[in-house]
Amino acid sequence: MPLLEESSVPRDCTRTVPVVIIGNGPSGICLSYLLNGYTPYLDPMAVHPSPILFRKLQEAKHLPITEQDLEYLCEGLEGRSGNPVAVLLDTLLHPNADLGFEFPSVLQWRLEKKHHIPHLVLGKATPGGAWHAMEGSMLTISLGIWMELPGVNYRDLTPGKRKVVSNDRATPDEISSYYKNYVKLMGLQKNFVDNTYVTSVQKLHRSQENSIGNEKDTVNGQLNGVKNGFDYCNKNSTENGQNGVVNGFSNELQTGMENSIRRGEIGEEDEDKIGKEGLKETTGVSQGLSQGLWEVRGYQQFQGDTHVPFSLFAENVVLATGASDSPARLGVEGEDLPYVFHSVRDLGVAVSCHGKLGSSSDPVLVVGAGLSAADAVLCALNHRVSVLHAFRKRTDDPGIIFKQLPKTLYPEYHRVYHMMCSQIYPASPVANPTDPSPSLFPDYTSFPEHCVLSFQPDMHCVMKGSNGVLRVFKVSMVLVLIGTYPNLFFLKDQGQYLGLDPSRPISCRQNPVDINPYTFECNA
């Protein structure tokens, strides 16, 4: 991702926005829905199957859920997420869904203009976030209806889908299409700026804020400042002979801001909390606007590889970037060789190219024991490409993900797990790198408790088993699928100072961003 010179953006061309959301996946979309004025109340006709939660909800039923004591409502709730607010919203939107029930939502969404907060959502592609980058034919872990956002039924936008609940998992293509259409149907597109890359987010010192002027005294004042800023930018860009793309970007932002001050609508929160890496995370803005200003810089990409820089001032910055931008790496010799990849989508591209991979190819090596690795195994087998599957865990490890999935709902993953357990490469002396091994199964061979030592330029891979024996195999392609990390390169020290342990890199599992679980504000 190229970084543009900061000096290319005149200081006078900045705009002040109450909220800037970085990331346009389901978390960013939901927050935009909320900030547009859509407010969740308890539906007066609804009854929640949990009598304790239902009693709590009735105590303040005249108040929006977002203005109630969330910690009190979350007490005693259990669910698939470690985030208490996510579990609460899960059970309000889809009561007892984890038990296989399809009870109606107990929420009623009301459009209240008094709750409208002007904002911009900056995303690297069209709305949908990481769903656009996933291999389109595999199935989601969650049921399709669990992925839906408030106000638009998932099945209404996917009429061809199976209606049997046990088979109602979705493909990434269907989910990304749903999110893209959702933004249009709910009238949120005025807040979204696509193909936008943020390169820097910095907190301004008080002296810097004062130099900006009095734009942030009121929301209306801010928007007037925005408009004047765009006029100045447009005038300057014309005088300097720049092409009309600069004006296009300015007008796009200006139109979004003007529309959001004239009209209002609001939303809710993403149940799965795909991207919770934030200065302020994806719950709504708490009482009032935050103190101080953030400077957000980046560029928008247009056709023909044209990059137009921008600079914004924001009173609140929301990180809704997701957790999958940076694949985890093995850190071994040869990992940057051209036949080593870190995404299932790369395998999908390879098998779709006629003649590149097939039944006569050398095997594909898949490294990892998670669901992405299983997706890669299935993708290769479906295209008659043989697979070598290496992973560090034992097949009977209690923490292996496949043990947590019901067989009836996820038969394809249990097929992979069965092969992992039954088609194991035997413990034997050193494998000969020049002769094809007679011990390999024709379609799939499992290598539990193995680690990769190196990848060689001649497309040989060196692995070591738990017994210390080295094994060398020639492969046609390698997929290293051992997890992902959020990419917070645009923050100071990669955002490391925001973590529970500021001395370690941010990791959603090992070192998440330290937040208040009920306001989603960063404690740092």
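The values are calculated or read from the model by the stated rules, or taken from the named source; none is laboratory data. This is a predicted model, so every value here is computed, not measured. All Cβ positions, glycine included, derive from the backbone under ideal geometry; neighbour counts span all protein chains shown. The protein model used for the area step is the full one, side chains on, heavy atoms only, and it has no ligands, DNA or RNA in it. Shrake-Rupley method; radii C 1.70, N 1.55, O 1.52, S 1.80 Å.
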> Under 5 Å between amide H atoms, partner at least 5 residues away or on a different chain: which partners does residue 107 have, H built in plane at 1.01 Å?
Replying inline: 43
> Can you list residues whose amide H is under 5 Å from residue 499's amide H, if they're 5+ apart or on another chain and H is modeled 1.01 Å from N?
Replying inline: 514
>> If you average the C-alpha positions of segment 302-323 and of segment 23-50 separately, how far apart do those two centres end up, in angstrom?
In response: 25
> What percentages, rounded to whole numbers, describe P(r) for segment 324-381 computed over all alpha carbon pairs with 5 Å bin width beginning at zero?
Replying inline: 4, 16, 28, 27, 17, 7, 1
> Can you put 379, 421 in order of accessible area, largest first, using a 1.4 Å probe?
Replying inline: 421, 379
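At a 10 angstrom cut-off on C-beta neighbours, averaged per residue, how do the peptides 93-104, 508-519 rank from highest to lowest? Can you show the working numbers first?
Working: 93-104: 14.9, 508-519: 16.8.
Packing proxy ranking, top to bottom: 508-519, 93-104.
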> Label residue 108 and residue 173 with points 7 Å out from Cα along Cα→Cβ: what is the distance between them in nm?
Replying inline: 4.1
> For residue 470 and residue 493, what does the FRET efficiency come to when R0 = 45 Å and r is the distance between their Cβ atoms, rounded to the nearest 0.05?
Replying inline: 0.70
> In the structure displayed, which of 407/474; 184/356; 114/203; 180/393; 124/492; 56/113 lie more than 31 Å apart, Cα to Cα?
Replying inline: 407/474; 184/356; 180/393
>> Using a Förster radius of 51 Å, what is the FRET efficiency between residue 396 and residue 458 based on their Cβ-Cβ separation? Nearest 0.05, please.
In response: 0.90
> Counting only protein chains, not ligands or nucleic acids, how are 332, 47 ordered by accessible area (probe 1.4 Å), most first?
Replying inline: 47, 332
